[in-house]
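Colleague: Provided herewith is a single structure, encoded as structure tokens, for subsequent inquiry.
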Amino acid sequence: MMKKEPSQSRVKERVTQDDVATLIYSSGTTGESKGVVTSHKSHIAIVEASVGSFRSGEGEQTIICTIPMFRIYGLVFATGLLATGSTVVVLSKFEIDEMLLAIDKYSATFLPLVPPILVALVNNADHINKKYDLSSLKWVFSGGSPLGKEVMDGFLEKYPTVAILRGYGLTESTGAGSSADSLEESQRYGSAGLLSPSIEAKIVDPESGGALPVNRRGELWLRGPSIMKGYFQNKAATASTLDSDGWLRTGDLCYIDDDGFVFVVDRLKELIKYKGYPVILNKFPRQS
């Protein structure tokens with residue numbers, strides 16, 4: 001190769017916190033797939049939140065990364081928990097037997113999951129407990145969709161030494177929103193926990209646009225450093241989701257109780273009003 005002196009006029013590349021870090025596709029707040037543009041600042045914020053929420057005084061934690069890292073759920077868990085000094089074991093592909101073998105082999109203490117996997121663990125608990133040593137496992141985090149009480153109770157019965165934590169977040173908020181990060185918080189059944197660090201929230205009346213008091217249902221709006229920059233090449237969708245003050249309209253019907261716990265009721269688009277009363281459409285049986 002030819003050798004030549006480097007140019008003194010070369011511009012040194014710099015990356016700022018406002019530069020784009022990731023482009024992750026999501027169904028968005030309206031159901032259509034969109035590219036969510038997220039900055040380095042947003043990822044720094046979520047890592048800071050993870051360090052505050054999951055740093056443990058019980059020694060080193062070992063996590064099995066079961067969620068694909070092309071989804072915000074899997075990505076923020078992997079990066080956030082690495083920042084705490086935890087060991088993160090990444091599976092080459094997800095198979096439930098491989099996950100259970102990894103828990104046994106690496107003495108995993110923490111496991112992020114989605115509700116269907118929790119259902120499988122409950123339904124096959126007798127076989128699993130005979131075949132695998134899961135005694136190291138202390139925490140399971142459930143996210144991605146609501147966790148039913150029957151599943152939660154069944155899991156705690158079959159795996160009594162494992163605590164279930166829950167959370168709520170969106171790709172548009174880099175996974176931030178709310179979470180139950182302790183055993184005490186997780187026992188508030190039906191809630192998605194307390195607000196994430198650095199996140200502001202308000203419940204907004206979908207008709208008037210005014211903020212509602214505690215225990216009143218409305219659309220959940222979020223604001224904070226982890227909120228997305230916008231949707232990729234989609235100004236209209238960005239404008240309808242982010243307001244001029246930086247609030248993210250989640251599209252979720254929620255309420256916040258007196259203690260600050262967030263409760264997710266349903267998607268706002270499934271809500272209509274009948275004779276002045278809110279009615280959730282998907283609660284009606286389908287007619288043939």
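Colleague: Looking at P213, is it at pLDDT 95 or above, of a type outside the set (K, R) and surrounded by fewer than 16 Cβ atoms within 10 Å (Cβ to Cβ)?
Modeller: yes
Colleague: What number of residues within region 139-167 are of a type in the set (A, V, I, L, M, F, W, C) and in contact (Cβ under 8 Å) with a residue 60 or more places away in the chain?
Modeller: Residues that pass the stated criteria total 1.
Colleague: Considering only residues that are at pLDDT 90 or above and in a helix (DSSP H, G or I), look in region 61-77 and name the one that is nearest to A108 (Cα to Cα).
Modeller: Applying the filter and picking the extreme gives G74.
Colleague: Identify, please: which residue in region 30-60 is part of a loop (DSSP other than H, G, I, E, B) and either at pLDDT 95 or above or among the polar types (S, T, N, Q) (or both) and is, among those, nearest to D19 (Cα to Cα)?
Modeller: Out of the qualifying residues, it is S33.
Colleague: Determine the pairs where a residue that is under 19 Å from K202 (Cβ atoms), located within region 168-180, has a partner that is aromatic (F, W, Y) and modelled with pLDDT of 95 or more with Cβ atoms under 9 Å apart, the partner being 6 or more residues away or on another chain.
Modeller: E172/Y231; S178/F261
Colleague: So, one more: Any residue at all in region 247-258 that is at positive phi and free of Cβ contacts under 8 Å to residues at least 60 places away in the same chain?
Modeller: Within region 247-258, not a single residue is at positive phi and free of Cβ contacts under 8 Å to residues at least 60 places away in the same chain.
Colleague: Oh, and also: Quick check: anything in region 223-234 free of Cβ contacts under 8 Å to residues at least 60 places away in the same chain and surrounded by 12 or more Cβ atoms within 10 Å (Cβ to Cβ)?
Modeller: Yes, that holds for at least one residue.
The values are calculated or read from the model by the stated rules, or taken from the named source; none is laboratory data. Keep in mind the model is a prediction, meaning the values are calculated, not measured. Here the Cβ is made from the backbone with ideal geometry for all residues, glycine too, and neighbour counts use every protein chain on show.
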